[in-house]
Structures are given as C-alpha cells and as structure tokens.
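Structure first, then comments.
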Amino acid sequence: MAPPMSASSFIDALKDEGLTVVEVGDWRHHNRNHIGDWGPVNGVMIHHTATSGSASTVRICREGHANLPGPLCHGVITKDGHVHLVGYGRANHAGLGDDDVLRAVIAEKRLPHDNEANTDGNSRFYGFECENLGDGDDPWPAAQLEAIEKAAAAICRHHGWTERSVIGHLEWQPGKVDPKGFTMGSMRKRIGDRLK
C-alpha cells in the first residue's frame, strides 16, 4: 500500500525502464479524481482494449465513450510497444472487483478465484490498456509484450513491489476475460525475471 507516485515520477520510471513514451494532451491532469479517491495504490492491472488501430485505440482510451467517460487507463500500450500516456489519477479501468483478490495483491500472495465485485479498483490500481481485439486470434507482437513487462516492472520497481502486484482484469472482476492471448502467469514470470 503506497501513495501514487507523481506524474513526473511515473513517466521517469517508464523511461528509465527503456520504454518509448508518448504524451497525449494534458495527460498529467486528465482523471476522474472528482468521483473518488486515487490511492493508496496496491498494484498494476493489465487489460486488452478489444479494438484495433493505434490512433483510434488511444483516442477511445483517453476520451472514453457514452457509457464510460475517460480516461479508461493511465497508459495505452500499442502493438509497436509504445506507451501512450492518456491520464493520471483515478481512471475508469478496473471497476468493482473482489476484495479477497485485493488482499492477496497487498500481501503479494497467490490470487484466489475472483467471485464477487464489491471493492473499488479504480482507486487502487495503475491501469494499462493494451491494443488487441481480445479474440484469442489477434497476435501480441514481441515488442508489445516486452512493453507490458517493462511498464509493470517500472511501477513495481518504484514501489518495491514484486510481480505478484501485477494482475489481469480477468483476475479481478468476475466475467472479465482480459487480457486474452497470453497468460498473466507467464507475464508475471517475465516481470519477476526483469525485477531480478
């Protein structure tokens, strides 16, 4: 459990991990903080967008849509491995999830099966939306997977967290399937190796 890092520390951490970062508009002040708390933060959540096309994906994640205003994450990881920063602060990405999962993330223990949605995740997790159709067929390029690994590791490194602080949306909220096309177990292994 930690206060969120500043926006400047966030972008510095990503760049220090070797990522190509694209700043989109006034991302540092684009958030949903007027709706509720941002922090303390406990982990990183990975999503897929169910969209294609980098420009439109970044736009949707920044602006949101009729039923869910943006930002829909903090960073959008496109297929080329670039991280597009679209917001900072509370973002509409995690929604309600399982309090047992949150306790496991905080304790950095094995995740239980998510079976309820009773806890606000938007205040507790950094969120990365990753450009992919999420149909199990759309490929995950090596550069994109590496960027997911690096982005999550950068945040964990800053906060002194292990890879167990990184979860997928499907591990947080019943009924969610993202990210689809790779396993979070394999991604956590990559993040753990990088943190070593």
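The values are calculated or read from the model by the stated rules, or taken from the named source; none is laboratory data. For clarity, every value in this text was computed on a predicted model and none was experimentally measured. Every residue, glycine among them, receives a Cβ derived from its backbone with ideal geometry; neighbour counts consider all protein chains shown. Only protein heavy atoms, including side chains, enter the accessible area calculation; ligands, DNA and RNA are left aside. Shrake-Rupley method; radii C 1.70, N 1.55, O 1.52, S 1.80 Å.
Listing for the model above:
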item	result
Test for Lys79: is it modelled with pLDDT of 95 or more, out of contact with any helix residue (DSSP H, G or I) (no Cβ under 6 Å at 6 or more places or on another chain) and either hydroxyl-bearing (Ser, Thr, Tyr) or open to solvent by 20 Å² or more (accessible area, probe 1.4 Å) (or both)	no
Residue under evaluation Gly136, criteria (1) over 21 Å from Asn42 (Cα atoms); (2) open to solvent by 10 Å² or more (accessible area, probe 1.4 Å); (3) at pLDDT 95 or above; (4) part of a loop (DSSP other than H, G, I, E, B), criterion not met	(3)
Within the range 141-196, tally of residues that are free of Cβ contacts under 8 Å to residues at least 60 places away in the same chain, small (Gly, Ala, Ser) and open to solvent by less than 50 Å² (accessible area, probe 1.4 Å)	2
Residue in the range 153-191 that is nearest to Asn115 (Cα to Cα), counting only those that are of a type outside the set (A, V, I, L, M, F, W, C), touching a Phe, Trp or Tyr at 6+ places or on another chain (Cβ under 9 Å) and in a loop (DSSP other than H, G, I, E, B)	Pro179
Flag for Ala94 being assigned to a helix (DSSP H, G or I), touching a residue at least 60 places away in the same chain (Cβ under 8 Å), open to solvent by less than 30 Å² (accessible area, probe 1.4 Å) and under 15 Å from Ile46 (Cα atoms)	no
Qualifying residue in the range 104-116 (condition: open to solvent by less than 20 Å² (accessible area, probe 1.4 Å), of a type in the set (D, E, K, R), part of a loop (DSSP other than H, G, I, E, B) and at pLDDT 95 or above)	yes
Scan of the range 5-45 for residues that are charged (D, E, K, R) and touching a strand residue (DSSP E or B) at 6+ places or on another chain (Cβ under 9 Å), ordered by number	Lys15, Glu23, Arg28, Arg32, Asp37
Hits in the range 139-152 - residues which are touching an Asp or Glu at 6+ places or on another chain (Cβ under 8 Å) and not in a helix (DSSP H, G or I)	Pro141
Residue match in the range 54-62 (condition: under 13 Å from His82 (Cα atoms), open to solvent by 20 Å² or more (accessible area, probe 1.4 Å) and either out of contact with any helix residue (DSSP H, G or I) (no Cβ under 7 Å at 6 or more places or on another chain) or touching a residue at least 12 places away in the same chain (Cβ under 8 Å) (or both))	yes
Sole exception among (1) within 30 Å of Ala142 (Cβ to Cβ); (2) assigned to a loop (DSSP other than H, G, I, E, B); (3) not polar (S, T, N, Q) for Arg62, by number	(2)
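Here is a yes/no grid of residues against (1) in a helix (DSSP H, G or I); (2) not β-branched (Val, Ile, Thr):
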position	(1), (2)
Ser9	yes, yes
Ala13	yes, yes
Leu19	no, yes
Val22	no, no
Arg32	no, yes
Gly36	no, yes
Met45	no, yes
